[in-house]
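J.: The structure follows.
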Amino acid sequence: TEKQLDLDFKNSTCLGNIMRVDVGPLGGKLLEFAAVMSILTFLNLSFRVLASQCGFSMKTDHLGNAMIYASLQNCFAQNVEDHAFTTTLNLRLHGNQMDEDELYQVAETCQYTAWASREIVCDHNYMEMDHHLWCEAGFRITTLVFFTPEERIMEVKEALNRGYGIANTPSRLVLRSPKTTPETYIQNVAGVPMTVLKTSTIFEKKWLAVQIDATAACPLVEGSVSVSSNTIAWYLPWHIDPLISSKQFKLLEVHMGINGQRITTAEMAARQYSLIVSSTHIVIKIPIGAVGGYLKSNVQDNQYFTSYTVEPMVELHWIEDTTHEDTRYKVLFPITTPFLPQPLQVIDETVPNKQIFKLILGPFGTDVALINITFPSEVLSVAECNVRGFNVMELMSPNSSSKVFILQVPFMDPVVLQMTQNGFTLYRLQLTFGLLVLPELAPLSHTAHLEAKLVNIAPPKVFGGCDHQNFYVLVEHGRRSFQTMVGKQMLTPDLGQKYGFMDNGTHFSLVVPFSAPDVVFEAIEQASIRGRIDVIMRNPETNTEIKKFSMACNFHSTLTVCFPNGTMTALAVKLEAVPSLNTSRLTLRDPTCGPLFSNDRFAYFIFSGNTCGTTRKFLSNVMLYENEISLPDESDKSDESDESERKNESEEPVSCYYDINTIHTLAFRTKPLMNQPYAENGKGELQVAMRLALDKSYSLFYREEDYPISKYLQQPLYFEVELMRSRNPKVSLELENCWATLKEDRMSQPRWNLIIDGCANKVHPYQVVFHPVWVDARVENPSHFKRFEVQMFSFDDKETLSPQLFVHCDAVICDARNPLGGVWQRQALSHVSSGLINLTQ
């Protein structure tokens, strides 16, 4: 059955008076193609004589890619008035005996109207002459005369039997000949040997006869190509004597191409091709290995050799003044150099401070594969090298058809030999690359030795201790510079200020609180939590670890508090053993009882003895209330073993004991009150700030000195309002109203409302978008922040059109425990304003 070819398998291209079909890679299969003459018939073109007679040729490269060339005037083309030519090919891939043959069909229609009076094509296996006809209807071809240079007369039938192609349309005569026939001869033209075919075609109609002369001349590789160690030079005479009958001759166009397709001047420069028109010749120079050709590899006595194949094309267009006839001349000219030794180079690009060996091996042709690398202690395949942490890469050259292999090996890998001497560490890497040339599977090996030295740096000394609430770390660095990591954070000036960083020039100290984010919790013990701080020093030049200091201490902590009124509180701590635990998903026995507060490290619960699944037991003189903090059953359904381990690590019992029969004696005396008690209003200060962020990440903000800020229309503005100097999680900041004015005075007119009663103004053409706030290094209580976005706008009133605006907000402080849909419990009202924002027109 026929299949539709994918674009990566075939691509047909119209190239002037020829077309090309690219097929491949063939994967080791044999390609056979046939030309379709009609819906029901096709003719196999695998025979060389028939292919050259009908205007077809095919070539393959070392990777199994095939190119099929077809003349537009081939024997089987559907010709529409010498303007449109359709060729249909059946492609058959022959596999082994176990695989069925694959059949594909390719059809291409090429438009060609720029016919010259005479067109000559020198293809791989044939010469084609296409002449304009002046005959009237009724004439037919009867005889061909060949000049070898002796005259030889041949009837059409005999010429066809000898492999010549003869055809004509009402306006064109096509003659096609194999490159070597008894009727061709060699002629030296300006020092270049050329195969020449000279004919006369006789048309007859009753008693009338018309003679059309046609000549083709195609260059031979021997005598026209010279090869140096790095360049191919092809010489073609531009005044081809057998094709030019008059002395008045003008060269109109010269084009160069590759594989039948023209290339531009820029492409030639990028590939380092050159085309020179001298006084006698057109000279094309191509660097060996350049893009457009390919290298074929060969191994002799473990020495690497390459041969380079490229197929340049030359197109000439000239006119003869005496006849006023123009000629287009096209030559497809495959060139293959002999195998030449290609010394392999090992380029050492190791930077010792990075502590990684890096070497480049090459250049190679694309048919060379790296199979393994042999080290003194072991042999590793390429896949094993990459798994091991080496980096093995294959890199194609952008300016040639060659490639190189790149290998990176860390200094610390066991395959690298180390030797310490005189304050230095010497690293040695010895290896042998194992390669294969495909498809012959010819083995090739190449050995390389690399060395690198590093100055030995004495690691700093670190001391530490704990008290009931802090870690104390002392580092003796001896004036040496290191990068210090505290937990997973780099010790920056900001972090140092947070941890009480002090440095006297030779030592620095840190005080890290037990509850700091960089402390990891290892275990929960009776009335205490075991925490650990890690301090790592790295070499700033190599980013390698020099010293790691870890210190663990037990800190007293009351995880459960029992109140006399039956209220209980419990604190759940996230341990290092369960890094993926989401504390917000922890619950008591009743899954509906979640934490009142949670972050990445803790979860805090409040409940009473008769809620959340709490049970009680009567013991001697005491009553025991028990509950349990754990993950709900549906929280993790991935792997049973992981689920069991996570639940065990995250389960925390909660218990409270209350005395049953205890008598307490209390003495008191009464005193009448002079007045009824009353509450007196207190006064305090709340600070609310509004900022403008650079982007929606809300990580960077405009500074005071940045105002006024210029923005374009519809450019987003990202506002943040924060309740300052409050750590109370029970209050929340809400935006009651926000509006824009043209003046700094918040009461000025006109005024455009952005937020009304906490909701976006639906009348505003660019409605406000509220953004959620999450806990991060800057945000401890998300309820203290509000973030919203609005696009830059201007007032529509022409009388009030202004290139600037101010934004103001009324902020309300509310009870965070009140449901979002309820009425706010107003505690305070504050007013904030942003700076001046300019509108850029």
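The values are calculated or read from the model by the stated rules, or taken from the named source; none is laboratory data. If you're wondering where the values come from, they're calculated on a predicted model, not measured in any experiment. All Cβ positions, even for glycine, are placed from backbone atoms using ideal geometry, and neighbour counts span all protein chains on display. The area values use the complete protein model at the heavy-atom level, side chains included, leaving out ligands, DNA and RNA. Shrake-Rupley method; radii C 1.70, N 1.55, O 1.52, S 1.80 Å.
J.: In percent, what relative contact order does the chain have, based on Cα pairs under 8 Å that are 6 or more apart in sequence? Walk me through the intermediate numbers first.
T.: Details: 1765 pairs, mean separation 42.5, N = 841.
Computed over the chain, the figure is 5 percent.
J.: When you count, for each residue, the other Cβ atoms within 10 Å and take the mean per peptide, how do 336-343, 309-316 rank with the highest first?
T.: Top of the packing list down: 309-316, 336-343.
J.: Using +1 at the Cβ of each Lys and Arg and -1 at the Cβ of each Asp and Glu in the chain, identify which of Leu26, Cys656, Ser224 lies farthest towards the dipole's positive end.
T.: Of the options given, the answer is Cys656.
J.: Hey, if we sort Lys711, Lys198 by accessible area with the 1.4 Å probe, largest down, what's the order?
T.: Output order, biggest surface exposure first: Lys198, Lys711.
J.: Same structure, new question: With a 1.4 Å probe and every protein chain left in place, work out the accessible area per residue of the range 692-771 in Å², rounded to a whole number. The partial results should precede the final answer.
T.: Details: 4760 Å² over 80 residues.
Value for the range 692-771: 59 Å² per residue.
J.: What are the residues whose amide H is under 5 Å from the amide H of His771, where those residues sit 5 or more places off or on another chain and H is modelled from the backbone?
T.: Hits under the 5 Å cutoff: Arg787, Phe788, Glu789.
J.: Can you give the Rg and Dmax of the range 263-401 based on its C-alpha atoms, in angstrom?
T.: In Å, with Rg to one decimal and Dmax whole: 22.3, 81.
J.: Here is a further query. log10 I(q)/I(0), Debye, Cα-only the range 495-580, no solvent, q = 0.14, 0.21, 0.22 Å⁻¹?
T.: -0.67, -1.12, -1.16
J.: Okay, moving on. Placing unit charges on C-beta atoms (Lys and Arg positive, Asp and Glu negative, everything else neutral), compute the dipole magnitude of the range 428-495 about its Cα centre in debye, rounded to 20.
T.: 240 debye
J.: Determine ³J(HN,Hα), in whole Hz, for all residues of the range 619-631 in sequence, where each value follows from phi through the Karplus function 6.51 cos²θ - 1.76 cosθ + 1.60 and θ = phi - 60°; x replaces Gly and Pro.
T.: 10, 5, 6, 9, 10, 9, 9, 10, 8, 7, 9, 7, 7
J.: Moving to a separate point now. Determine the alpha carbon to alpha carbon distance for each of Lys358/Lys547; Lys762/Lys786; Lys488/Lys548; Lys461/Lys488; Lys285/Lys330 and list only those over 24 Å.
T.: Pairs exceeding the cut-off: Lys358/Lys547.
J.: With +1 assigned to the C-beta of every Lys and Arg and -1 to the C-beta of every Asp and Glu, and no other charges, what is the dipole magnitude of the chain about the Cα centre in debye, to the nearest 20? Write out the running numbers ahead of the final one.
T.: Working: 71 positive and 93 negative charges, 306 e Å.
Magnitude of the dipole: close to 1480 debye.
J.: Which value results for Rg/Rh of the chain when Rg is the Cα radius of gyration and Rh the Kirkwood radius based on the inverse mean 1/r?
T.: 1.18
J.: While we're looking at this one, here's another question. If amide hydrogens are placed 1.01 Å from N in the peptide plane, which non-local residues have theirs closer than 5 Å to the one on Phe793?
T.: It is Gln714, by chain and number.
J.: Per residue of the range 164-169, what does 6.51 cos²θ - 1.76 cosθ + 1.60 with θ = phi - 60° give for ³J(HN,Hα)? Whole Hz please, x for Gly and Pro, Karplus curve as stated.
T.: Each residue of the range 164-169 in turn: 7, x, 9, 7, 8, 10 Hz.
J.: While we're on this one: Could you let me know the centre-to-centre spacing of the range 350-427 and the range 723-741, using Cα atoms, in angstrom?
T.: Rounded to whole Å, the Cα centres lie 59 Å apart.
J.: Before anything else, pin down the relative contact order of the range 266-364: Cα pairs under 8 Å, at least 6 apart, normalised by residue count, whole percent.
T.: Computed over the range 266-364, the figure is 18 percent.
J.: Using only alpha carbon pairs under 8 Å that are at least six residues apart, calculate the relative contact order of the range 106-219 and give it in whole percent.
T.: 27 percent
J.: I would also like to ask the following. Taking amide hydrogens as modeled 1.01 Å from N in the peptide plane, which residues meet the under 5 Å criterion relative to Ser557, leaving out close sequence neighbours?
T.: Ser528, Ile529
J.: If you don't mind, another one. Roughly how many debye, to the nearest 20, is the charge dipole of the range 417-561 about its Cα centre, given +1 on each Lys and Arg Cβ, -1 on each Asp and Glu Cβ, and no other charges? Walk me through the intermediate numbers first.
T.: Details: 12 positive and 12 negative charges, 54 e Å.
Computed charge dipole of the range 417-561: roughly 260 debye.
J.: For helix 640-650, what angle does its Cα long axis make with the longest principal axis of the chain, in degrees from 0 to 90 and rounded to 10?
T.: Taking the Cα atoms of the chain, the angle to 640-650 is about 30 degrees.
J.: As an exercise, use a Förster radius of 56 Å and the Cβ-Cβ distance of Gln300 and Ser200 to find the FRET efficiency, rounded to the nearest 0.05.
T.: Values: r = 52 Å, r/R0 = 0.93.
Rounded to the nearest 0.05, the efficiency is 0.60.
J.: Further question: Please work out the average accessible area per residue across the range 312-456, using the 1.4 Å probe convention, and give it in Å².
T.: Accessible area per residue, the range 312-456: 48 Å².
J.: Considering only Ala269, Met623, Pro237, whose Cα is most displaced toward the positive end of the charge dipole of the chain, charges sitting on Cβ of Lys, Arg (+1) and Asp, Glu (-1)?
T.: Of the candidates, Met623 comes out farthest on the positive side.
J.: Could you tell me what percent of the accessible area of the chain is made up of carbon and sulfur, with a 1.4 Å probe and every protein chain present?
T.: On the way: 23960 of 45790 Å².
Here it works out to 52 percent.
J.: Note the per residue figure in Å³ for the convex hull of the C-alpha positions in the range 435-594.
T.: Taking the convex hull of the Cα positions in the range 435-594, it is 240 Å³ per residue.
J.: Highest mean first, what order results for 744-751, 319-326 on Cβ atoms within 10 Å?
T.: Top to bottom by mean Cβ count within 10 Å: 319-326, 744-751.
J.: Considering only Tyr499, Ala523, Leu438, whose Cα is most displaced toward the positive end of the charge dipole of the range 409-562, charges sitting on Cβ of Lys, Arg (+1) and Asp, Glu (-1)?
T.: Of the options given, the answer is Tyr499.
J.: Here's something else I'd like to know. Please work out the Cα center distance from the range 571-608 to the range 279-335, rounded to the nearest Å.
T.: Using only Cα atoms, the two centres lie 76 Å from each other.
J.: What list of ³J(HN,Hα) couplings, whole Hz, do you get for the range 338-349 from phi and the Karplus terms 6.51, -1.76, 1.60, once you set θ to phi - 60° and write x for glycine and proline?
T.: x, 5, 10, x, 10, x, 7, 10, 10, 9, 8, 10
J.: So what are the range 126-186's ellipsoid semi-axes, whole angstrom, largest first, if each one is the square root of 5 times an eigenvalue of the alpha-carbon gyration tensor?
T.: 21, 13, 11
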